[in-house]
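Peer 1: Right, I'll just put the structure down here and ask away after.
The values are calculated or read from the model by the stated rules, or taken from the named source; none is laboratory data. This is a predicted model, so every value here is computed, not measured. Because the Cβ atoms are built from the backbone with ideal geometry, glycine has one as well, and the counts that use them run over all protein chains shown.
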Amino acid sequence: MFKVKARFYLAPLAAALIISGCVHDRIDPSDQSSPKYVFFFLGDGMSTPQIEASKAFKAEKVNSAKSLLAAKTQLNMTQMPVVGLSTTFCDNRFIADSAACATAFATGQKTDSGVVGLTPSRDTSVKSVAELAQEKGVAIGIVSSMPLSHATPAAYYANVHNRDHYCDISYQASQSGFDFFGGGRFEKLNETNNTARITPRQAFADAGYTTLTNRSEILRLKNQEAGKVICSVETTHDGKTMPNALDTPPENFSLAEITKVAINYLQSDPDGFFIMVEGGKIDSVCHDNDIVTTIHEVLAFDEAVGVALEFMKRHPDETLIVVTGDHETGGLTLGSGSSHYNTDLKPLHGQIKSAGLFNSRDLAKYRRTHEWISVEESNIDDEMKALIKENFGLDWEALTEYQQEVLENAFDASLGEAAADDRESGYSLGDDDDNVDYLSYGDKEPLTISITRMLARKSGWDWTTTAHTALPCPVFAAGKGAMNFTGFYDNTEIAKKLARQMGLPALPVVDKNKTGRPEY
């Protein structure tokens with residue numbers, strides 16, 4: 001694990017920067033030369049609650065200061081020598097989405113929620129730090145555990161009015177000329193709803209990209225021997241993303257492994273590299289209010305950060321590493337009204353599968369083999385009780401009467417007669433935010449989210465939403481130019497600071513070759 005002699009500290013849940021100690025001896029504020037190797041790590045949906053929860057989970061004793069301060073409890077990112085704090089709002093909302101946030105820290109431009117790589121007027125495209133670095137000859141790598149056409153990676157190569165225009169985003173990726181894409185998969189590869197009216201699959205082939213999905217073949221890659229490459233996981237549970245870290249099958253690579261592949265593949269470039277790594281599944285499982293899987297995603301992301309820190313040990317005077325989150329997801333709070341000041345994380349160790357995988361496999365199978373039943377008769381049966389215990393560690397008989405009632409009500413919403421009528425009519429819990437079920441469960445599977453929330457509450461933690469919050473995000477930095485990332489600043493400053501340190505033009509930079517207006 002990466003260690004430093006002294007560092008700046010960020011109070012975990014405060015919107016203020018607290019500086020103590022001296023700067024690590026490798027940081028020289030007078031050295032203004034550009035780093036050759038630049039890493040930008042983005043934990044989607046990750047802010048201080050997710051980070052502190054993961055550290056607490058690692059501790060042998062969560063209520064012991066000695067254990068919480070132990071070296072093995074710390075994360076790689078929290079041991080980086082410089083810490084800042086950034087705001088997350090976008091041009092038209094206090095609570096932003098990933099598209100607007102990614103546009104901010106990729107291009108230095110504020111924009112509206114849902115927009116990628118464009119100004120709020122949607123008629124002007126802006127260049128990302130990756131595109132500007134590429135113009136200088138720098139090799140570019142884009143890694144994400146989410147689809148490679150998702151909002152965060154897209155902000156580095158695409159300009160679209162709507163983040164959901166996956167076909168056009170995938171097509172624009174094929175035209176980027178970026179050297180390395182890795183992690184999830186591109187979406188809408190066989191559709192033609194894009195500027196060129198050809199499938200992105202064909203466009204990637206025409207542009208000279210090689211697509212690999214075999215783990216052993218991917219892990220052997222080095223020195224740009226295959227030209228431009230797309231390295232996607234062999235197995236997904238939804239057809240497009242890396243499986244959650246808690247559910248990763250042996251034939252797949254981890255986020256840390258694909259980060260190492262990107263390094264090995266790009267480091268031979270004489271002009272250096274810029275690698276963006278997104279831990280995108282943090283966000284999706286926080287939307288599910290799944291605390292256990294959230295922690296595993298943060299730890300998997302942090303392991304990838306550790307790979308970069310190990311690389312920096314070999315290139316200490318040429319490397320810059322920046323780690324942050326784009327926004328907080330779920331309103332995770334490390335305290336619960338029912339727990340007072342008590343924290344007990346033992347209940348979290350009983351969960352063996354993510355909420356998402358439980359829904360797509362166990363609950364889906366249960367639903368197929370059970371007829372819809374009336375609310376009056378819809379008591380949770382022994383089979384479902386066994387599934388809950390097996391996958392989440394909750395023993396039905398050990399639950400309080402109130403906890404049993406919560407799960408019974410959620411079971412009715414998921415599988416009772418009313419739920420059957422809703423599904424038969426095409427109604428979704430998410431269609432009406434005044435609906436009682438929506439207010440209780442968001443647009444999530446009622447039974448599963450009730451289980452994961454119960455685990456959090458039994459541990460002394462809680463969630464407040466299935467959406468995003470406006471909590472600022474910590475920014476960790478190490479290496480050449482790290483001192484530039486101290487302070488409390490807007491998220492657009494992250495891109496601007498990177499650009500200055502990399503010797504790029506001042507941001508934002510208008511892309512005069514793109515109008516920003518779709519041609520399809």
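Peer 1: Please go through the range 216-261 and give me each residue that is buried (at least 17 other Cβ atoms within 10 Å of the Cβ), modelled with pLDDT of 95 or more and more than 28 Å from Arg361 (Cα to Cα), ordered by number.
Peer 2: Ile218, Leu221, Lys228, Val229, Ile230, Thr259, Lys260, Val261
Peer 1: Would you say Lys514 is of a type in the set (Lys, Arg) and not assigned by TED's automatic domain parsing to the domain that holds Met77?
Peer 2: For Lys514, the condition - of a type in the set (Lys, Arg) and not assigned by TED's automatic domain parsing to the domain that holds Met77 - is met.
Peer 1: Could I ask something else about it? If I ask for residues that are in a loop (DSSP other than H, G, I, E, B), at pLDDT 95 or above and among the charged types (D, E, K, R), which ones from the range 31-53 would you list?
Peer 2: Lys36, Asp44
Peer 1: So Asp326 fits all but one of (1) in contact (Cβ under 8 Å) with a residue 60 or more places away in the chain; (2) surrounded by fewer than 14 Cβ atoms within 10 Å (Cβ to Cβ); (3) not aliphatic (A, V, I, L, M); what number is the exception?
Peer 2: Unmet condition: (2).
Peer 1: Spot the failing condition for Gly350; the list is (1) outside the structural domain of Gly442 (by TED's automatic domain parsing); (2) in contact with a helix residue (DSSP H, G or I) (Cβ under 8 Å, 6 or more places away or on another chain), and only one is missed.
Peer 2: (1)
Peer 1: Which pairs turn up if I take residues in the range 131-158 that are within 19 Å of Ala256 (Cβ to Cβ) and modelled with pLDDT of 95 or more and look for partners that are of a type in the set (Ser, Thr, Tyr) and in a loop (DSSP other than H, G, I, E, B) with beta carbon separation below 7 Å, at least 6 apart in sequence or on another chain?
Peer 2: What qualifies is Ile142/Tyr156; Ser145/Thr241; Met146/Thr241.
Peer 1: Mind listing whichever residues of the range 497-515 are surrounded by 21 or more Cβ atoms within 10 Å (Cβ to Cβ) and in a helix (DSSP H, G or I)?
Peer 2: Hits for the range 497-515 are Lys497, Leu498, Ala499, Gln501.
Peer 1: Can you work out which of the residues in the range 84-105 that are out of contact with any strand residue (DSSP E or B) (no Cβ under 8 Å at 6 or more places or on another chain) and part of a helix (DSSP H, G or I) is surrounded by the fewest Cβ atoms within 10 Å (Cβ to Cβ)?
Peer 2: This residue is Ser98.
Peer 1: Determine if the range 323-338 includes at least one residue that is touching a strand residue (DSSP E or B) at 6+ places or on another chain (Cβ under 7 Å) and among the charged types (D, E, K, R).
Peer 2: yes
Peer 1: Further question: Does the range 192-215 hold any residues that are modelled with pLDDT of 95 or more and out of contact with any Asp or Glu (no Cβ under 9 Å at 6 or more places or on another chain), and which are they?
Peer 2: If the condition is that a residue be modelled with pLDDT of 95 or more and out of contact with any Asp or Glu (no Cβ under 9 Å at 6 or more places or on another chain), then Arg201, Gln202, Ala203, Phe204, Ala205, Asp206, Ala207, Gly208, Tyr209, Thr210, Thr211, Leu212 are the ones that fit.
Peer 1: Of all residues in the range 361-385 being loosely packed, with under 14 Cβ neighbours inside 10 Å and within 18 Å of Glu445 (Cβ to Cβ), which is modelled with the lowest pLDDT?
Peer 2: It comes out as His370.
Peer 1: Please verify whether the range 489-505 includes one or more residues that are of a type in the set (S, T, N, Q), within 23 Å of the chain's Cα centre (by Cα) and outside the structural domain of Leu407 (by TED's automatic domain parsing).
Peer 2: Scanning the range 489-505, I find at least one residue that is of a type in the set (S, T, N, Q), within 23 Å of the chain's Cα centre (by Cα) and outside the structural domain of Leu407 (by TED's automatic domain parsing), so the answer is yes.
Peer 1: Oh, and also: What number of residues in the range 170-184 are in a helix (DSSP H, G or I) and either aliphatic (A, V, I, L, M) or within 16 Å of the chain's Cα centre (by Cα) (or both)?
Peer 2: Selection size over the range 170-184: 1.
Peer 1: Picking from Glu371, Glu383, Glu401, which residue would you name as being under 22 Å from Ser459 (Cβ atoms) and over 30 Å from the mean Cα position of the chain (by Cα)?
Peer 2: Glu401
Peer 1: Still on this structure, please answer the following. Applying the selection to the range 106-131, what residues are β-branched (Val, Ile, Thr) and part of a helix (DSSP H, G or I)?
Peer 2: Thr107, Val129
Peer 1: Something else about it: Taking into account only those residues within the range 462-471 that are surrounded by fewer than 24 Cβ atoms within 10 Å (Cβ to Cβ) and not small (Gly, Ala, Ser), which is farthest from Gln403 (Cα to Cα)?
Peer 2: Once the filter is applied, the top-ranked residue is Leu471.
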